[in-house]
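Below is one structure, written out as structure tokens; the observations come after it.
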Amino acid sequence: MTISPIDRAAAGTPHGVARRIRGLSDRTIAWIFVAPTIFLLLAVNIFPLIWTIRLSFTDYRVNRPNNEVSWVGLRNYERILSDPAIWDTMQATAHFLIWTIILQVLIGFTLAYLINMKFKGNDLWTTIIVFPMMLSPAVVGNFWTFLYQPQIGLFNYVVAFFTGADAASFSMIGDVHLAPWAIIIVDTWMWTPFVMLICLAGLRSIPDSIYEAAECDRASKWRQFWTITVPMALPFLMLAVLFRGIENFKMFDLVVQLTGGGPGNTTTLTSIDLKREAFERWRTGYSSAYAVILFVTVFGLASIYVKALNKVKQR
Amino acid sequence: MSGFINGLVRLRRGPWEMLATVLIGLGVVMLMQPFVLVLYTYSFVVTLVGTVMFIIVSHFPE
């Protein structure tokens, strides 16, 4: 007769422990199983958040741990919310966020629509298009820095070829007007495939029978696109916008590698500025208040967005 | 409009969520607009009120 693993475990349990477990209710046992996860979640997610909120009301500096920490009330928030330099970084972030989302959604959806047409070799094209997404942001930042070089960069030569301008006459990274667009181009190049994949999943989930019914009703391709394709792919599209919006609000590595926040502060996004406050100027209390402001903004936006997404899915 | 105000008075989820959503949206626009510094200064309060309101009212009855 074979002994099952459960019987073996039961046989191995000491009598005292077994008697105690037998006396527990199902609810208690469920709590015992869930407790480690809840504890880990509290320790990793909730505790740092509460600690950051607490620090945001102090003048704590992490590089001076022996200094007395004093309670400064709302002073950190007042200083951040009246600082024109931080206001500029908010605008730079908004510019980056809005344009990357618009471009990535437009290009990503178009690519997904084309790939979904099932032509010969579309799997190969999908792999090629998805390639930038697999690279590390540090690698992408590094090689786009070379592509943007005015003297030797390929990007300038391509622009010069199409516009007739002198390739060495402009610098994408060095010009205050072009640098914000330089980071938008690279982020779009890197993350459009992600939007494309999500849109492709949405397009492939639409049953062919709906299009066949529309054909029977003599609906034009244009009408089919706006009344079938777009509404049915909309939840997926919104999900892509949510992911990219949150991700780009926190954008750091790619931009640091490309421009370092310059020239001047034109590409200094909020996360870069926050890192400088926290780990270069070592103003921990101040940067905690900064982080809380960003957190509340992203949390509020994500909440209403998820609500809208659920409404679209229920239609 | 009267339905909206009625919903607010009777603590219904729909209108209160709408109000919270408008506050959050307004706060984010105030935070990132490039025109008036005073709007930027009060943006966080507006967003915070909207967000806290959203969390609370999402437990209201439909």
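Does at least one position in segment A:62-78 carry a residue that is under 30 Å from A:W181 (Cβ atoms) and without any contact (Cβ under 8 Å) to a residue 40 or more places away in the chain? Steps first, please.
First pass over segment A:62-78, keeping only residues under 30 Å from A:W181 (Cβ atoms): none.
No, segment A:62-78 contains no residue that is under 30 Å from A:W181 (Cβ atoms) and without any contact (Cβ under 8 Å) to a residue 40 or more places away in the chain.
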field: Failed condition for A:L274, given (1) under 27 Å from A:G108 (Cα atoms); (2) buried (at least 19 other Cβ atoms within 10 Å of the Cβ)
entry: (1)
field: Residue match in segment A:74-81 (condition: over 18 Å from A:T268 (Cβ atoms) and outside any helix (DSSP H, G or I))
entry: yes
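Within 11 Å of chain A (Cβ to nearest Cβ), of a type outside the set (D, E, K, R) and under 8 Å from the mean Cα position of the chain (by Cα): does that describe B:V38?
Values: within 11 Å of chain A (Cβ to nearest Cβ): yes; of a type outside the set (D, E, K, R): yes; under 8 Å from the mean Cα position of the chain (by Cα): no.
Against the criterion (within 11 Å of chain A (Cβ to nearest Cβ), of a type outside the set (D, E, K, R) and under 8 Å from the mean Cα position of the chain (by Cα)), B:V38 does not qualify.
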- prompt: Among the helices (runs of 4 or more DSSP H) confined wholly to segment A:209-315, which include 1 or more residues that are more than 14 Å from chain B (Cβ to nearest Cβ), within 18 Å of the chain's Cα centre (by Cα) and closer than 30 Å to A:R79 by Cβ?
  reply: A:230-249, A:253-258, A:270-279
message: Can you confirm whether B:F54 is within 9 Å of chain A (Cβ to nearest Cβ) and within 20 Å of A:K311 (Cβ to Cβ)?
response: yes
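Out of B:L31, B:L48, B:L26, report the one residue that is more than 7 Å from chain A (Cβ to nearest Cβ), aliphatic (A, V, I, L, M), surrounded by 15 or more Cβ atoms within 10 Å (Cβ to Cβ) and in contact with a helix residue (DSSP H, G or I) (Cβ under 7 Å, 6 or more places away or on another chain).
Details: B:L31 fails: more than 7 Å from chain A (Cβ to nearest Cβ); B:L48 fails: more than 7 Å from chain A (Cβ to nearest Cβ).
On inspection, the qualifying residue turns out to be B:L26.
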- request: With respect to A:F57, determine if the residue is under 17 Å from A:A291 (Cα atoms), in contact with a strand residue (DSSP E or B) (Cβ under 8 Å, 6 or more places away or on another chain) and surrounded by 11 or more Cβ atoms within 10 Å (Cβ to Cβ).
  value: yes
message: Please verify whether A:A92 is within 14 Å of chain B (Cβ to nearest Cβ), closer than 30 Å to A:V241 by Cα, of a type in the set (A, V, I, L, M) and loosely packed, with under 12 Cβ neighbours inside 10 Å, treating the condition exactly as stated.
response: no
query: Tell me, which helices (runs of 4 or more DSSP H) wholly within segment A:1-55 include 1 or more residues that are among the β-branched types (V, I, T) and touching a residue at least 40 places away in the same chain (Cβ under 8 Å)?
result: A:47-55
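Going by the conditions given, is A:F155 under 20 Å from the mean Cα position of the chain (by Cα), assigned by TED's automatic domain parsing to the domain that holds A:V256 and in a helix (DSSP H, G or I)?
Values: under 20 Å from the mean Cα position of the chain (by Cα): no; assigned by TED's automatic domain parsing to the domain that holds A:V256: yes; in a helix (DSSP H, G or I): yes.
Judged against the criteria, A:F155 is not a match.
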task: Give just the number: which of (1) out of contact with any Pro (no Cβ under 7 Å at 6 or more places or on another chain); (2) more than 14 Å from every other protein chain (Cβ to nearest Cβ) does A:I101 not satisfy?
output: (2)
- line: (1) within 30 Å of A:L197 (Cα to Cα); (2) modelled with pLDDT under 90 all hold for A:G264 apart from (1)
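The values are calculated or read from the model by the stated rules, or taken from the named source; none is laboratory data. This structure is a prediction, so every number in the text was calculated from the model and none was measured. Glycine also receives a Cβ, built like all others from the backbone with ideal geometry; neighbour counts cover every protein chain displayed.
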